[in-house]
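Written out below as structure tokens is the structure these notes cover.
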Amino acid sequence: MVIYDSTNKTTKENKMLSNEKILNLTFISTASHGYLKVDKQTFKDLGLNGSEFSEYSYYQPNNNCFYFEEDCDAPEFLKIVKDKGYKVNVNEISIDDISLGRGIAA
């Protein structure tokens, strides 16, 4: 049932949706591998300290982003944020491999 709030014409249903925590992320795919890109502020806001992740993921200081390796760390990161009540939207982009490694700034 939808009940209208006469003061601002929004619905209780919409108010519940506006309280939903949404995280928009980018997955970077190459011919050989992929990484989930997470900005440093999001990482800090989630209360993470890095001990949750393997040496296959890394931090890129030139753009203040973490890159979580697709096979073990990206799924672990997604599990953590979903357990914290976030809905996650992932946008995938593909780039040339050219050693995605530690020099990416996407």
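Taken together, the values in this text are just the output of simple stated rules run on the coordinates, not laboratory data. For clarity, every value in this text was computed on a predicted model and none was experimentally measured.
Backbone amide hydrogens, once placed in the peptide plane, bring Thr26 within less than 5 Å of Lys37, Asn91, excluding anything fewer than 5 places away on its chain.
Note: relative contact order over the stretch 17-97, using C-alpha pairs below 8 Å and six or more positions apart, is 45 percent.
The value of relative contact order for the stretch 47-94, using C-alpha pairs under 8 Å at least six residues apart, is 24 percent.
With the cut-off at 23 Å, report for the stretch 17-97 the share of all Cα pairs above it, as a whole percent. More than 23 Å apart: 17 percent of the Cα pairs in the stretch 17-97.
Length gained on full extension, Glu52 to Cys72: 6.1 nm, using 0.36 nm per residue less the C-alpha separation.
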